[in-house]
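Participant: To start, I am sharing the structure in question, which I have written as structure tokens.
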Amino acid sequence: MLRNDKRYKAVVIGGSAGSFSIVTRILSKIRPDFPLPIILCLHRLKHVRSGLVESLNLKSNIEVVEPFDKDRIVPNKVYLAPSNYHMFIEFDNSFSLSTEIVLNHSRPAIDHTFSSAAYAYRDKLIGIILTGANKDGAKGMKEIAGKKGTTIIQDPATCEVDTMTKSALRLITPDKVLSPEEIIDFLNQLPNV
Amino acid sequence: MDYKNYLQHLKKHTRYDFSGYSDNSIHRRIQKVLTDHHLNVEQLIEKTKYDQLFVEKMVEEITVNTTELFRNPEVWIDLYHKYKSFLKNKKQINIWHAGCSSGQEVYSNLIILNELGLLDRVKIVGTDLNIKMLSASKKGRYNYKFNRQYIENFNKVLNSKKNGSPKVPFEKYFTINEQEDCLEVNDFLRAIPLFRRHDLVQEKIPFYNKFDVIFCRNVLIYFNAELQSKIIQQFYNQLFVGGIMILGNHEGINGFFKTKFLKNGPAFVKNNAYHLKY
């Protein structure tokens, strides 16, 4: 059982094929005073650079930005990993970016963002993996679980492509398996920090 | 793993100093070295002290060499326009690519300058920490098959004008060697740049002259804020007033030097502010 008074510091969400509409739905229903930063790592086409952050912002109740290297992470903001960079969370609650080699055919790679977040936030982190056609994110979820963070996997039955969620389920037993609507409810009932 | 302790050993026993790298990323990269080479920290320290070849190999693994021809085409399109007014009255144009990796953006830059008729005035130098990358730069030979987007980028930058001007053929600058699956920079272009080794972290700037343009793309992202500021200050001092600095697409300037540059598109322009003493 999750303790209700647990003080989280951040939410990380990873997804690939089919996740864009789920993320849009989450952000359009998230409460406007959501108390944590939401860190998104979504796979995207390498040369479709712009547009994603703009379309998310159209629907989101919270401002969405693509962070610059060394930007500080603040609550009530959504951060989207910029195209063609890996995005890491540093120990001092800031971002660092990297152009090192693609991981799981992806840059940004969810595993990188998730494992660095696990190290930075330890048990104060919520990790959510959504629909996708690739195994990226599974190892990252394992790291989050290893640091006693809270792990949530989208119910594979509700996924457009369930490779990503099933790969994660093979590596960990998550705290929760939830439908998109349940993920929204879970986030919205998190207590203020 | 106490990676900070290890970095002190590295600094003491080799010519490399990674203590100004971002904590999480250097930690992760050293961890990867340990895993890949099946070492524990004590063994890594021993190897660092006595095995110079290993150290060079490890540094290659730790440093990042990602680059591409006309990386982020929108940046090059912007420069193509900016260069016209910015550089046309210069008798000599000095350009430095700091952390040039395999030199692809050095050649991209030269191609634009050639299209603008400025090539004969250019002095261009590329520097990198990694000797292998410098020799790749000098050769100007790049893998072809996996990099088809090079031609796409090239066309986006040079051939998307709508005024019906004649297309610039890729073969004007490159020879495609299908047999060996590589692109070769044509000799006239390859003869122009100088490449030399330079460690941005450890060494002073090795040039007497000032620069009109300094490129340093996705290099500073691996450093902590303090080291970033130190290097930005060096770039600032080495630029002419009005000179421009081109960083990676998601790199910014933090701290004191933020006010010393004006952002104009992808370019950071050195402020004409003599009254600001520092």
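Participant: Which fully enclosed strands (runs of 3 or more DSSP E) of segment B:219-278 have 1 or more residues being under 17 Å from the mean Cα position of the chain (by Cα) and under 24 Å from B:GLY103 (Cβ atoms)?
Facilitator: Those strands (runs of 3 or more DSSP E) span B:239-247, B:267-270.
Participant: Can you tell me how many residues in segment A:65-80 are more than 10 Å from chain B (Cβ to nearest Cβ) and buried (at least 22 other Cβ atoms within 10 Å of the Cβ)?
Facilitator: Residues that pass the stated criteria total 3.
Participant: Of all the residues that make up segment B:199-224, how many are farther than 24 Å from B:VAL241 by Cα and either within 14 Å of another protein chain (Cβ to nearest Cβ) or surrounded by 20 or more Cβ atoms within 10 Å (Cβ to Cβ) (or both)?
Facilitator: Looking only at that region, the number is 4.
Participant: For segment B:42-56, name all the residues that are over 14 Å from B:ASN5 (Cβ atoms), in contact with a Ser or Thr (Cβ under 8 Å, 6 or more places away or on another chain) and open to solvent by less than 90 Å² (accessible area, probe 1.4 Å).
Facilitator: Matches in segment B:42-56: B:PHE54, B:VAL55.
Participant: Also, I was wondering about something else. Does B:HIS97 meet the test of being closer than 24 Å to B:LYS123 by Cα and at pLDDT below 95?
Facilitator: no
Participant: Return the total of residues in segment B:174-198 being modelled with pLDDT of 95 or more, loosely packed, with under 13 Cβ neighbours inside 10 Å and among the polar types (S, T, N, Q).
Facilitator: Summing the residues that are modelled with pLDDT of 95 or more, loosely packed, with under 13 Cβ neighbours inside 10 Å and among the polar types (S, T, N, Q) in segment B:174-198 gives 0.
Participant: Here is a follow-up. Would you call B:PHE70 in a helix (DSSP H, G or I) and out of contact with any Cys (no Cβ under 7 Å at 6 or more places or on another chain)? Write out each step before concluding.
Facilitator: Values: in a helix (DSSP H, G or I): no; out of contact with any Cys (no Cβ under 7 Å at 6 or more places or on another chain): yes.
Taking the combined requirement at face value, the residue does not satisfy it.
Participant: Filter segment A:118-144 down to the residues that are over 22 Å from A:PRO35 (Cα atoms), hydrophobic (A, V, I, L, M, F, W, C) and open to solvent by 20 Å² or more (accessible area, probe 1.4 Å) and list them by number.
Facilitator: A:ALA133
Participant: Continuing with this model, one more query. When you go through (1) within 11 Å of chain B (Cβ to nearest Cβ); (2) not in a helix (DSSP H, G or I) one by one for A:HIS112, which number turns out not to apply?
Facilitator: With (1) within 11 Å of chain B (Cβ to nearest Cβ); (2) not in a helix (DSSP H, G or I) applied to A:HIS112, the lone miss is (2).
Participant: Do any helices (runs of 4 or more DSSP H) lying entirely in segment B:1-60 carry at least 3 residues that are away from chain A (no Cβ under 14 Å) and within 23 Å of B:LEU220 (Cβ to Cβ), and which ones are they? Talk me through it step by step, then tell me what you get.
Facilitator: On the way: elements: B:3-13, B:23-36, B:41-50.
Filter on segment B:1-60 gives B:3-13.
The values are calculated or read from the model by the stated rules, or taken from the named source; none is laboratory data. Since this is a predicted model, take the numbers as computed values, not measurements. All Cβ positions, even for glycine, are placed from backbone atoms using ideal geometry, and neighbour counts span all protein chains on display. SASA here: full protein model, heavy atoms, side chains in, ligands and nucleic acids out. Shrake-Rupley method; radii C 1.70, N 1.55, O 1.52, S 1.80 Å.
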